[in-house]
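Below is one structure, written out as structure tokens; the observations come after it.
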Amino acid sequence: MSLPSEVKIYEVGPRDGLQNETQNIPTDIKIELIERLADAGLTYIEATSFVSPKAVPQMADHNEVMAGITRKEGVTYAALIPNERGMENALQSGVDEVAIFASASEEFSQKNINCSIEESYVRFAPVMEMANAANIPVRGYVSCVAGCPYEGEVAPEKVAEVAKHLYDMGCYEISLGDTIGIGTPDRIRTMLEAVMATNIPAEKLALHCHDTHSHALTNIEEGLKMGIAVVDSSVAGLGGCPYAPGASGNVATEDVLELLDKLGITTNINKKAVLDTAEFISKHLQRGSS
């Protein structure tokens, strides 16, 4: 399959990138980060998550973040939500899109959202109903698509089963997450083949790669060869999962843009502005930018 002519970047830095930070990040810094990303040309930004502050303290200011951003026309401001209550709060905040998250690993599901995979489907059913009633698109995440920090290898067929369930529930797009960054091009290809065999077309899939072992870009390139045209990334490579020991940051948005540029793929994103944004947030977090 030939490479896609255009790729959509789904920016997860403000949510997935910051959620694991232990230092308190002021709300105005989060808002500025989101606005800088939008000004750079990113049109899908995961701004926050409506989870319990006890579970993820960094996201406790979700209402203030959503209320504080100056919205840019043509930009989708999304939020991660775990359940009905989170969905109610998200709708009140005026989100454009929400994301739900399931796992291909039973043990990770228990650690991450305190329920089994099957129970997570039951939990998401009313969320889907509320989203449909409000005409809000729902994106589905599948964690641990290349392996689990607790169970080890995860069968591609299990990934496919969970992805298909979320797709059939009504998720418009399924983001396949290599949560601990142990994927290789071969593993990613085998997993994608299994998912696509369930009749989920490539254009309904996204890749969400962590760069723990520096394989993220080669894994993304493998996905592009298979027709994937949506890539999740985080400015400055920020991120990590609080329930996935050893998971390092997401692949950096600026690195993905560099790869796509080399491959001749269009994004319509200002790379210099993204690099400036990476420097801005890295300076605030007192770390070197990617």
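The values are calculated or read from the model by the stated rules, or taken from the named source; none is laboratory data. No experiment lies behind these values; they were computed from the predicted model shown. Note: ideal-geometry Cβ built from the backbone for every residue, glycine included; neighbour counts use all protein chains shown.
Key figures
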read-out	value
Any hit, segment 53-64, residues being surrounded by fewer than 20 Cβ atoms within 10 Å (Cβ to Cβ) and under 20 Å from E173 (Cβ atoms)	no
Candidate set: segment 105-125, residues that are buried (at least 19 other Cβ atoms within 10 Å of the Cβ) and small (G, A, S); chosen: the one nearest to L192 (Cα to Cα)	S105
Every residue from segment 7-24 that is more than 21 Å from I180 (Cβ to Cβ) and either among the small types (G, A, S) or more than 19 Å from the chain's Cα centre (by Cα) (or both)	Q23, N24
Near pairs, Cβ below 7 angstrom, 6+ apart or cross-chain, from segment 154-175 (over 17 Å from I228 (Cβ atoms)) to any residue that is surrounded by fewer than 23 Cβ atoms within 10 Å (Cβ to Cβ)	V154/G147; E157/A194; V162/I117; H165/Y121; M169/M128; G170/M128; G170/N132
Out of E6, E46, E11, E21, sole residue that is closer than 16 Å to G239 by Cβ, surrounded by fewer than 17 Cβ atoms within 10 Å (Cβ to Cβ) and in contact (Cβ under 8 Å) with a residue 24 or more places away in the chain	E21
Output for segment 171-217, where each listed residue is among the β-branched types (V, I, T) and under 14 Å from the mean Cα position of the chain (by Cα)	I174, T179, I180
Condition broken by T277, with the remaining ones in (1) surrounded by 24 or more Cβ atoms within 10 Å (Cβ to Cβ); (2) under 22 Å from G152 (Cα atoms); (3) at pLDDT 95 or above satisfied	(2)
Qualifying residue in segment 194-211 (condition: touching a Leu at 6+ places or on another chain (Cβ under 9 Å), part of a helix (DSSP H, G or I), within 24 Å of N20 (Cβ to Cβ) and not β-branched (V, I, T))	no
Lone qualifier among I228, I220 - being within 17 Å of the chain's Cα centre (by Cα) and assigned to a helix (DSSP H, G or I)	I220
Members of segment 19-43 that are of a type in the set (A, V, I, L, M), over 26 Å from G223 (Cα atoms) and out of contact with any strand residue (DSSP E or B) (no Cβ under 7 Å at 6 or more places or on another chain)	I25, I29, I31, L33
Tally, over segment 242-264, of residues that are crowded, with 17+ Cβ neighbours inside 10 Å, over 15 Å from Y10 (Cα atoms) and either more than 16 Å from the chain's Cα centre (by Cα) or modelled with pLDDT of 90 or more (or both)	1
Selected residue (criterion: surrounded by the most Cβ atoms within 10 Å (Cβ to Cβ)) from residues of segment 126-183 that are part of a helix (DSSP H, G or I) and in contact with a Gly (Cβ under 6 Å, 6 or more places away or on another chain)	L166
Members of segment 89-121 found to be hydrophobic (A, V, I, L, M, F, W, C), closer than 21 Å to I34 by Cα and in a loop (DSSP other than H, G, I, E, B), listed by number	V95
Subset of segment 65-97 (residues that are small (G, A, S) and more than 15 Å from T43 (Cβ to Cβ))	A67, G68, A79, G86, A90, S93, G94
Verdict on Y77 being touching a helix residue (DSSP H, G or I) at 6+ places or on another chain (Cβ under 8 Å) and either more than 22 Å from S175 (Cβ to Cβ) or not hydrophobic (A, V, I, L, M, F, W, C) (or both)	yes
Condition met for V75 (closer than 26 Å to I31 by Cα and either among the charged types (D, E, K, R) or free of Cβ contacts under 8 Å to residues at least 40 places away in the same chain (or both))	yes
Some residue of segment 38-51 being part of a helix (DSSP H, G or I), at pLDDT 95 or above and farther than 30 Å from D168 by Cβ	yes
First in segment 119-143 and more than 11 Å from M169 (Cα to Cα) and in contact (Cβ under 8 Å) with a residue 24 or more places away in the chain, second anywhere and surrounded by 23 or more Cβ atoms within 10 Å (Cβ to Cβ) and not hydrophobic (A, V, I, L, M, F, W, C), Cβ under 6 Å, 6 or more apart	Y141/S175; Y141/G177; S143/S103; S143/G177; S143/T179
